[in-house]
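Chemist: Have a look at this one.
The values are calculated or read from the model by the stated rules, or taken from the named source; none is laboratory data. Source: prediction; values computed, not measured. Glycine gets a Cβ as well: all are built from the backbone with ideal geometry, and neighbour counts include every protein chain shown. Note: areas computed on protein heavy atoms with side chains; ligands, DNA, RNA excluded. Shrake-Rupley method; radii C 1.70, N 1.55, O 1.52, S 1.80 Å.
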Amino acid sequence: MSNQADCDWCNKVDLEWRVIHDRKLCVSFVSKPWFRKGHCLVIPKKHAIQVSELTDQENQEVMDEIGALSNALDNGFGTGVIQKYMPLQSENGVKMDHLHFHVFPRFENEELLFPVPVPNSFAGFYFPTDEEIKKCLEYLKSPE
């Protein structure tokens, strides 16, 4: 990852044990915190804040990884993908200024578009146990 001085995802060793796929230009990992069981993230390796900062190759690899995770997480009701660009909102241990895409399973009879009670609220996030994260990793890394 890049050496962006103030970015936890560029520097944080804690991220490494949660990695699903470490590609040439992007990384996918199990999120911590979750707003939904199986919540994962895809980030470019290059520190970027906006999609427009990525090259065509980076965009392609990120989209390919989102597609692969979407297929793996789909339990018959589809998956959700969210990317929100909010650089002026302060980081708070949940919100990050490193470009990222949330990928998560959807469930039967969902009524809400967003998997949290109120869009832009962090109230719906919770911290899974390390064992929950390891189970998710085991599932996502297993051969198809």
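Chemist: With all protein chains present, calculate the accessible area of L73 using a 1.4 Å probe and round the result to the nearest 10 Å².
Modeler: Its heavy atoms expose roughly 20 Å² to the probe.
Chemist: Express the relative contact order of segment 1-84 as a whole percentage, based on alpha carbon pairs under 8 Å and six or more residues apart in sequence.
Modeler: Result for segment 1-84 is 21 percent.
Chemist: Could you check the simple spin-label distance between Y126 and N11, using points 7 Å along Cα→Cβ, in nm with one decimal?
Modeler: With each label point 7 Å from Cα toward Cβ, the separation is 3.2 nm.
Chemist: Put F127, F107, F35 in order of accessible area, largest first, 1.4 Å probe: what do you get?
Modeler: Details: F127 135, F107 90, F35 20 Å².
So, going from the largest accessible area down, we get F127, F107, F35.
Chemist: On to the next question. Give me the accessible area per residue for segment 18-85, probe 1.4 Å, as a whole number in Å². List each step's numbers first, then the result.
Modeler: Working: 3090 Å² over 68 residues.
Per residue, segment 18-85 has an accessible area of 45 Å².
Chemist: Additional query: Under a plain spin-label model, where a point goes 7 Å from the Cα along Cα-to-Cβ, how far apart in nm are Q60 and S142?
Modeler: 3.2
Chemist: ³J(HN,Hα) across segment 61-69 via Karplus (A = 6.51, B = -1.76, C = 1.60, θ = phi - 60°), whole Hz, x for Gly/Pro?
Modeler: Result, rounded to whole Hz: 5, 4, 5, 4, 5, 4, x, 5, 5.
Chemist: To continue, here is another question. What does the accessible area of C40 come to, in Å² to the nearest 10, when a probe of 1.4 Å is used?
Modeler: Counting only protein heavy atoms, the figure is 0 Å².
Chemist: Okay, moving on. I49 versus N71, label points 7 Å from Cα toward the beta carbon: distance in nm?
Modeler: Once both label points are built, they end up 3.5 nm from each other.
Chemist: How would F101, F125 rank on accessible area, largest to smallest, probe 1.4 Å?
Modeler: Working: F101 20, F125 45 Å².
In descending accessible area the options line up as F125, F101.
Chemist: Using a 1.4 Å probe on the protein heavy atoms only, what accessible surface does E110 show? Give it in Å² to the nearest 10.
Modeler: Only protein atoms counted, so the area is about 60 Å².
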